[in-house]
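Notes to accompany the following structure.
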Amino acid sequence: MNAFLSEFAVDVARTCVWLVLLTALFVPLERWFGMRHEQPNPQLRHNLAYYFISSLVPILLLTIPMALLATAAHHLAPAALTTTVAELPMAARVLLAFVVAETGFYWGHRLSHEIPWLWRFHALHHTAERMHFLTNTRNHPVDMVITRLFGLVPLYMLGLATPSLEGSATPALLLVLGNVWGFFIHANLRWRLGPLEWLVTTPAFHHWHHSRHDHINRNYASTLPFLDRLFGSHYLPRHWPAEVGTDTPCAPTLGGQLLDPMLPARRTAPAAD
Ligand SMILES: [Zn+2]
Ligand SMILES: [Zn+2]
């Protein structure tokens with residue numbers, strides 16, 4: 001128990017250090033290159049709370065279940081398949097892990113829009129009324145667990161990841177880059193990346209996913225936009241969305257936002273575009 005508590009204290013310290021680094025990087029960039037707002041962001045306090053909830057709740061609640069799930073999922077896959085994957089060169093394993101995790105995330109995210117019961121939890125992410133780097137972690141814990149499972153279970157099945165990263169084909173550097181990219185595509189940065197927009201997701205790509213009325217059911221990918229092209233959900237015009245947010249109601253308090261989705265259904269899936 002003591003070892004768990006001291007490890008958790010390290011996780012809290014690491015989360016705080018990351019917040020300082022992300023703030024030092026994105027606040028000046030958003031000030032120089034972002035859309036100007038007259039008023040401070042009224043959702044900032046909640047977004048900060050969600051940053052800590054998103055970072056720490058999975059560590060508290062999921063460490064042991066994920067280890068059990070990883071073992072169970074690995075036994076579900078045919079041995080011939082896992083042996084073939086294990087014999088691939090390291091570079092191929094890394095690339096495969098990246099594409100498999102991204103594809104899993106794409107479908108977890110898409111189903112969170114298409115299945116009303118899942119949308120109840122995912123809607124909170126879309127209640128952000130301004131794009132801001134911390135919008136990335138404005139997530140209900142249930143939503144986060146679901147999309148994370150969609151990304152991780154296929155990796156566990158193929159033997160491409162373990163909960164502890166040991167023996168994992170996804171190096172820590174790739175995880176850190178992927179994590180920072182999530183904050184980047186949510187940031188209030190009016191940058192277009194030219195031909196790179198074919199290769200990776202960008203703020204414009206993901207801001208359209210947050211558009212209030214027309215294109216919320218587009219651009220589900222986290223880093224690889226070719227998945228949206230492949231599955232018919234890509235949308236990236238030259239201009240930017242006029243307004244972000246959702247018409248799905250959102251409780252004014254943090255407690256209400258966390259508890260409401262668990263109550264009997266009142267919410268509906270977002271209108272199809
Ligand atoms: Zn979404
Ligand atoms: Zn988002």
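The values are calculated or read from the model by the stated rules, or taken from the named source; none is laboratory data. From a predicted model like this one, the values you see are computed outputs, not experimental measurements. With ideal geometry, Cβ positions are generated from the backbone for all residues, glycine too; neighbour counts draw on all protein chains shown.
Among residues of the stretch 191-223 being without any contact (Cβ under 8 Å) to a residue 24 or more places away in the chain, part of a loop (DSSP other than H, G, I, E, B) and surrounded by 20 or more Cβ atoms within 10 Å (Cβ to Cβ), the one that is nearest to ligand 2 (Cβ to nearest atom) is 219.
Can you go through 179, 188 and tell me which one is away from ligand 1 (no atom under 16 Å from the Cβ), in contact with an Asp or Glu (Cβ under 8 Å, 6 or more places away or on another chain) and not hydrophobic (A, V, I, L, M, F, W, C)?
None of the others qualify; the one that does is 188.
For residue 36, the conditions (1) surrounded by 10 or more Cβ atoms within 10 Å (Cβ to Cβ); (2) among the charged types (D, E, K, R); (3) outside any helix (DSSP H, G or I) all hold with the exception of (1).
Taken over the stretch 224-251, the criterion of being loosely packed, with under 15 Cβ neighbours inside 10 Å, at pLDDT below 95 and out of contact with any Lys or Arg (no Cβ under 9 Å at 6 or more places or on another chain) is satisfied by 237, 239, 251.
Among the residues making up the stretch 237-259, those that are part of a helix (DSSP H, G or I) and of a type in the set (A, V, I, L, M, F, W, C) are 254, 258, 259.
Residues 167, 159, 182, 151: which one is at pLDDT below 95, within 16 Å of ligand 2 (Cβ to nearest atom) and among the small types (Gly, Ala, Ser)? Even if it seems obvious, please write down each step before you answer.
Working: 167 fails: within 16 Å of ligand 2 (Cβ to nearest atom); 159 fails: within 16 Å of ligand 2 (Cβ to nearest atom); 182 fails: at pLDDT below 95.
Sole residue among the options that is at pLDDT below 95, within 16 Å of ligand 2 (Cβ to nearest atom) and among the small types (Gly, Ala, Ser): 151.
Residues in the stretch 120-129 include none that are surrounded by fewer than 20 Cβ atoms within 10 Å (Cβ to Cβ), in contact (Cβ under 8 Å) with a residue 60 or more places away in the chain and either under 14 Å from the mean Cα position of the chain (by Cα) or within 16 Å of residue 203 (Cβ to Cβ) (or both). Listed by first and then second residue, the pairs with beta-carbon distance under 6 Å, at least 6 apart or on different chains, first residue in the stretch 239-257 and farther than 25 Å from residue 36 by Cβ, second at pLDDT below 90 and surrounded by 11 or more Cβ atoms within 10 Å (Cβ to Cβ), are 248/267.
Examine the stretch 92-105 for a residue that is within 13 Å of ligand 1 (Cβ to nearest atom), under 29 Å from residue 211 (Cβ atoms) and touching a Phe, Trp or Tyr at 6+ places or on another chain (Cβ under 8 Å), and state whether such a residue exists. Looking for residues that are within 13 Å of ligand 1 (Cβ to nearest atom), under 29 Å from residue 211 (Cβ atoms) and touching a Phe, Trp or Tyr at 6+ places or on another chain (Cβ under 8 Å), one finds at least one in the stretch 92-105, hence yes. Taken as a whole, the stretch 173-185 holds at least one residue that is free of Cβ contacts under 8 Å to residues at least 60 places away in the same chain and more than 23 Å from residue 107 (Cα to Cα). Considering the stretch 51-143, the qualifying helices (runs of 4 or more DSSP H), each wholly inside and each with 3 or more residues that are within 16 Å of ligand 2 (Cβ to nearest atom), run over 90-114, 116-126.
A quick yes/no check of all residues on (1) modelled with pLDDT of 85 or more; (2) surrounded by fewer than 17 Cβ atoms within 10 Å (Cβ to Cβ); (3) farther than 28 Å from residue 200 by Cβ:
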{"position": "67", "(1), (2), (3)": "no, yes, yes"}
{"position": "76", "(1), (2), (3)": "no, yes, yes"}
{"position": "84", "(1), (2), (3)": "yes, yes, yes"}
{"position": "88", "(1), (2), (3)": "yes, yes, no"}
{"position": "92", "(1), (2), (3)": "yes, yes, no"}
{"position": "95", "(1), (2), (3)": "yes, yes, no"}
{"position": "99", "(1), (2), (3)": "yes, yes, no"}
{"position": "105", "(1), (2), (3)": "yes, no, no"}
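Among the candidates 128, 67, the residue that is more than 16 Å from ligand 1 (Cβ to nearest atom) and small (Gly, Ala, Ser) is uniquely 67.
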